[in-house]
Amino acid sequence: MFDFMPIVIIAIIIIAVIVLFTFVPVTLWISALAAGVRVGLFTLVGMRLRRVVPSRVINPLIRAYKAGLNISTNQLESHYLAGGNVDRVVNALIAAHRANIELSFERAAAIDLAGRDVLEAVQMSVNPKVIETPFIAGIAMDGIEVKALARITVRANIDRLVGGAGEETIIARVGEGVVSTIGSSKSHKQILENPDTISHTVLDKGLDAGTAFEILSIDIADVDIGKNIGAILQTDQAEADKNIAQAKAEERRAIAVAQEQEMVAKVQEMRAEVVRAEADVPNAIADALRNGNFGVMDYMNYKNIGADTDMRNTIGKMNESHHDDDHDQS
């Protein structure tokens, strides 16, 4: 019979080797030894058991060792388990070491865990960054709007990266300083003649306090003239005063119309009383005649007075008509 035992033993050995190379990163262990980094196989197995990707720790450790940094495996592994970016922290430490910037692993790890790019911060410490603000508008004392564009050169302050304010705060503070400087100028011509007065005034205010940056310089890149805000405000005020005057005039007209209507109503009421009184005159005359208080001659005189009054009214109307005709002809 054919003996299967050698084949089974060979298969078991092959499977064991595959499992060994899969579970234990032997090639990574060999690379570390070749680079001079002493890491035990059981350490790599322990990383597997702790769900740590060994390459994410060993490769940065090799780079740090070659750069002359003294970093342990436990430090890198703990930072990986905390959710940090081990590659970025090690690269930042190498860059800081090359630039003679004092940066410890604990501070770099804290900066990385705080959500800031520690490598970019180190690069900004070596190569300052220029932040350009949008056009900032301010109004001088003469009412002319002035718009300024500023360029802020900042350098990262590694000691204040954790808890320090970001670029938005720098832009806001510079904008406030520009508006304040323009507003304190007596004329917009002063800003146009010496735009550097804005940068000097703003830079002296210490705007980088409490931020993650150090302001190196503030340069005014462009200055433009905007609207004549003073004239616009005066025009708006004049328009508002005109509207108020029109409203008050309309109010007075309404009061006058109401008073006129009230007077017309009173006149009509008085005329009604006169009509009622005239209606009572014949009855009063009749009663006076019956009672002997009013004679026939008195009645004739009364009628003559009425006729004379009617004649005078007719003559007055004729004269007014003749006067109006003469006026039209002239």
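So which of Ile191, Ile255, Ile215 ends up being closer than 30 Å to Gly166 by Cβ, of a type in the set (Val, Ile, Thr) and at pLDDT 85 or above?
Step by step, each of Ile191, Ile255, Ile215 is checked, and only Ile215 is closer than 30 Å to Gly166 by Cβ, of a type in the set (Val, Ile, Thr) and at pLDDT 85 or above.
Please tell me if Val257 is open to solvent by less than 60 Å² (accessible area, probe 1.4 Å) and more than 30 Å from Ile182 (Cβ to Cβ).
So Val257 passes the test.
Just to be sure before I move on: is Ala110 free of Cβ contacts under 8 Å to residues at least 60 places away in the same chain and either open to solvent by 50 Å² or more (accessible area, probe 1.4 Å) or in contact with a Leu (Cβ under 9 Å, 6 or more places away or on another chain) (or both) in the structure I sent?
So Ala110 fits the description; yes.
Looking for something buried (at least 18 other Cβ atoms within 10 Å of the Cβ), of a type outside the set (Asp, Glu) and out of contact with any Pro (no Cβ under 8 Å at 6 or more places or on another chain) - is there at least one such residue anywhere in the stretch 22-32?
yes
May I ask you to say which residue of Val90, Val39 is of a type outside the set (Ser, Thr, Tyr), in a loop (DSSP other than H, G, I, E, B), without any contact (Cβ under 8 Å) to a residue 40 or more places away in the chain and in contact with a helix residue (DSSP H, G or I) (Cβ under 7 Å, 6 or more places away or on another chain)?
Within the list Val90, Val39, the selection yields Val39.
For the stretch 50-79, give me each residue that is farther than 18 Å from Thr27 by Cβ and polar (S, T, N, Q).
Asn70, Ser72, Asn74, Gln75, Ser78
State which residue is surrounded by the most Cβ atoms within 10 Å (Cβ to Cβ) when the search covers only the stretch 133-148 and only residues that are assigned to a loop (DSSP other than H, G, I, E, B) and not charged (D, E, K, R).
Ala140
Go through the stretch 86-107 and give me each residue that's surrounded by 19 or more Cβ atoms within 10 Å (Cβ to Cβ) and aliphatic (A, V, I, L, M).
Matches in the stretch 86-107: Val86, Val89, Val90, Ala92, Leu93, Ile94, Ala95, Ala96, Leu103.
Consider Ile62 against the criteria (1) in contact with an Asp or Glu (Cβ under 7 Å, 6 or more places away or on another chain); (2) at pLDDT 90 or above; (3) β-branched (Val, Ile, Thr): it satisfies all of them except one. Which criterion is unmet?
(1)
Name every residue in the stretch 208-245 that is among the hydroxyl-bearing types (Ser, Thr, Tyr) and assigned to a strand (DSSP E or B), in order of residue number.
Listed by number, the residues that qualify are Thr211, Ser217.
If you go through the stretch 49-58, how many residues are surrounded by 15 or more Cβ atoms within 10 Å (Cβ to Cβ) and either free of Cβ contacts under 8 Å to residues at least 12 places away in the same chain or more than 13 Å from Ala35 (Cβ to Cβ) (or both)?
Going through the stretch 49-58 one residue at a time, the tally reaches 4.
State all residues of the stretch 169-205 that are β-branched (Val, Ile, Thr) and buried (at least 20 other Cβ atoms within 10 Å of the Cβ); if no residue qualifies, say none.
Answer for the stretch 169-205, where residues must be β-branched (Val, Ile, Thr) and buried (at least 20 other Cβ atoms within 10 Å of the Cβ): Ile170, Val174, Val178, Thr181, Ile182, Ile191, Ile198, Val202.
Within the stretch 115-132, is there a residue that is out of contact with any His (no Cβ under 9 Å at 6 or more places or on another chain), over 30 Å from Glu176 (Cα atoms) and open to solvent by less than 60 Å² (accessible area, probe 1.4 Å)?
yes
Whether any residue in the stretch 152-167 is in contact with a Pro (Cβ under 9 Å, 6 or more places away or on another chain) and open to solvent by 70 Å² or more (accessible area, probe 1.4 Å) is what I want to check.
Yes, because at least one residue in the stretch 152-167 is in contact with a Pro (Cβ under 9 Å, 6 or more places away or on another chain) and open to solvent by 70 Å² or more (accessible area, probe 1.4 Å).
When you check Asp208 against the structure, is it surrounded by fewer than 14 Cβ atoms within 10 Å (Cβ to Cβ), at pLDDT below 85, under 26 Å from Arg155 (Cβ atoms) and touching a strand residue (DSSP E or B) at 6+ places or on another chain (Cβ under 7 Å), yes or no?
No; evaluated as a whole, the condition is false for this residue.
Among the numbered conditions (1) part of a helix (DSSP H, G or I); (2) polar (S, T, N, Q); (3) more than 23 Å from the chain's Cα centre (by Cα), tell me where Thr169 comes up short.
All conditions are met except number (3).
The values are calculated or read from the model by the stated rules, or taken from the named source; none is laboratory data. Bear in mind the structure is a predicted one, so any value in this text is a computation, not a measurement. Ideal geometry is used to build each Cβ from the backbone, glycine not excepted, and the neighbour counts take in all protein chains shown. Accessible surface areas use protein heavy atoms only, side chains included; no ligands, DNA or RNA. Shrake-Rupley method; radii C 1.70, N 1.55, O 1.52, S 1.80 Å.
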